[in-house]
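Q: I have a structure here, written as structure tokens, and I will follow up with some questions on it.
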Amino acid sequence: MAQLLITGGAGFIGSHTCLVLLEAGHQLLVLDDFSNSSAVALKRVAELAGTRLQRDQPTLIKAPDTFTLVEGDIRDAPCLDALFASAKACGQPIDAVIHFAGLKAVGESVQQPLRYWDVNVVGTQRLLSAMDQHNCRTMVFSSSATLYGYPDQVPIPETAPIQPINPYGASKHAVEELLADLAGCSGAAEPIQASGAGWRIARLRYFNPVGAHPSGRIGEDPNGIPNNLFPFITQVAVGRRPELTVFGDDWPTPDGTGVRDYIHVMDLAEGHREALHSLLSADPQLLTLNLGSGQGASVLDVVKAMEAASQRAIPYRIAPRRPGDAAITVANPALAAQQLHWRTQRSLAEICRDGWAWQQANPNGYGDGCR
Ligand code: NAD
Ligand code: UDP
């Protein structure tokens, strides 16, 4: 059992990972500013895990609580210092950090690059400084397949060229570089490096996380009009939006629509558990791993799978390509399988079944209430 700090733990991927980590017997401290999430998600995680959620201040962490929520910003250095110090003072020093907190909307990052660098890069640097000061040198970091830009090789291995094409991707790349520097592996092309600097770091490059916990109690709840395909489709299925716009049917793919590697969020959450356990049981190292299924699905494949899961028609219309899109991104997940003995277990049909269960039970996301 470890004491873990989960930044951004109230968000989409964070909330599902909290559940998996609670079920694995860990004790969690969540730090979130709720800029893109709701505390209701964590209440429901506690309910699913059969525990209770304790709300606290960074200076007042009480031991031993299984699941504690602190509202705060990763850029707030005094808050971070107080959090690490008070966890230590009550006999539960933080063993490792799983760092989800950050901004993730590509289009917004083009409009607000300074904000993206501030939260994603400066915020992470402050977090790493606090960790270093308090002798906590294990981190699992949320990186992204967006680093591969327009890939020239599919399926994409971790050794593919890193070529971010927007400020969001650039901010993730900057953090990856900082983590490599800390691990003593600057400039390393190899995805796994032994480190002499005492840091245990996993840089996990997610492909397209979608779906929801099968209970339908927690899921993805984007603000406003979804930018991503999957939540858009579930909102069309539930009647919140009239039709899907398909961005291009002239891509060099089997049906002409864009192909992505969709990964069930529970598979992704389990990947974090395995990465954490691997780091905690190994010598200091830098792990860089793709987390994806290795399977591609087109936009129309996802439409059909969601129609089957929901038993509803998903009207769509074809529009021009979206600027900045790649035709195909699919992971080569072999290294994660080798290093973590982890691979995805859930199919596109299960992704749609669970995503639909969540959307149907919560047509307006967590806005539906605090049950
Ligand atoms: P999310 O927005 O649902 O979760 C992020 C959480 O961080 C939210 O709860 C938000 O309130 C919190 N947060 C944001 N800024 C904060 C700050 N300054 N201080 C404290 N908390 C803050 O996003 P997600 O989909 O769960 O993504 C989690 C991580 O994974 C992000 O870093 C994202 O960039 C990365 N990622 C996501 C995807 C994806 O498609 N969802 C793909 C690749 C990588
Ligand atoms: N897409 C679409 N309509 C939408 C949103 C996305 O046709 O409303 C397509 C998009 O062009 C891409 C795929 O769906 O081919 C996945 O897009 P998403 O934004 O979900 O993920 P990303 O492009 O970031 O991998």
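Q: With Kirkwood's inverse mean 1/r over C-alpha pairs for Rh, give me the Rg to Rh ratio of the chain, two decimals please.
A: Rg divided by Rh gives 0.95.
Q: Once you order the gyration tensor axes a ≥ b ≥ c over the Cα atoms, which shape class does segment 1-101 get: rounded for a/c under 1.5, otherwise prolate or oblate by comparing a/b with b/c?
A: Because a/c hits 1.5 or more and a/b fails to exceed b/c, segment 1-101 counts as oblate.
Q: Can you find, among Phe230, Leu279, Leu291, the residue farthest towards the positive end of the dipole of segment 209-326? Put +1 on the C-beta of Lys and Arg, -1 on that of Asp and Glu.
A: The residue sitting farthest along the positive end of the dipole is Phe230.
Q: To continue, here is another question. Rounding to the nearest 20 debye, state how big the charge dipole of the chain is about its Cα centre with +1 on each Lys and Arg Cβ and -1 on each Asp and Glu Cβ.
A: Dipole of the chain, to the nearest 20 debye: 600 debye.
Q: Rounded, prolate or oblate for segment 231-371? Axes are the square roots of the Cα gyration tensor eigenvalues, ordered a ≥ b ≥ c, and the cut-off for rounded is a/c under 1.5.
A: oblate
Q: Oh, and also: Work out the length of the dipole vector of segment 8-114 about its Cα centre, built from +1 on the beta-carbon of each Lys and Arg and -1 on the beta-carbon of each Asp and Glu, and round it to the nearest 20 debye.
A: Taking the Cα centre of segment 8-114 as origin, the dipole is about 180 debye.
Q: Would you mind classifying segment 41-164 by shape? Square roots of the alpha carbon gyration tensor eigenvalues, ordered a ≥ b ≥ c; an a/c under 1.5 is rounded, otherwise it is prolate if a/b is larger than b/c and oblate if not.
A: Prolate.
Q: Whole-Hz ³J(HN,Hα) for each residue in segment 125-139, computed from phi via Karplus 6.51 cos²θ - 1.76 cosθ + 1.60 with θ = phi - 60°, x for glycine and proline: what do you get?
A: Values per residue, Gly and Pro as x: 5, 5, 4, 5, 5, 5, 4, 4, 4, 9, 6, 10, 10, 10, 9 Hz.
Q: Out of residues 5 or more away from Gln285 or on other chains, whose amide H comes under 5 Å of its own, with H placed 1.01 Å from N in the peptide plane?
A: Amide H to amide H, under 5 Å and 5 or more residues apart or across chains, Gln285 pairs with Ser195, Arg200, Ile201.
Q: Per residue of the chain, what 222 nm ellipticity follows from adding -39500 (n - 2.57) for every DSSP H run with n ≥ 4, rounded to the nearest 500?
A: -10500 deg cm²/dmol
Q: Please report, in debye to the nearest 20, how large the charge dipole of segment 236-349 is about its Cα centre when each Lys and Arg carries +1 at its beta carbon and each Asp and Glu carries -1 there.
A: Its charge dipole is roughly 360 debye.
Q: Have a look at the DSSP beta bridges in the chain and tell me what percent are antiparallel, nearest 5.
A: 10 percent
Q: Still on this structure, I have one more. Sorting Asp76, Asp267 on the 10 Å Cβ count, fewest up front, what's the list?
A: Asp76, Asp267
Q: Scan around Leu291 for amide H atoms under 5 Å from its own, H built in the peptide plane at 1.01 Å from N, and keep only partners 5 or more places away or cross-chain.
A: Arg205, Tyr206, Phe207
Each value in this text was obtained by applying a stated rule to the coordinates, not by laboratory testing. Keep in mind that this is a model prediction, so the values were computed, not measured. Cβ coordinates were reconstructed from backbone atoms using ideal geometry, including for glycine residues, and neighbour counts include every protein chain displayed.
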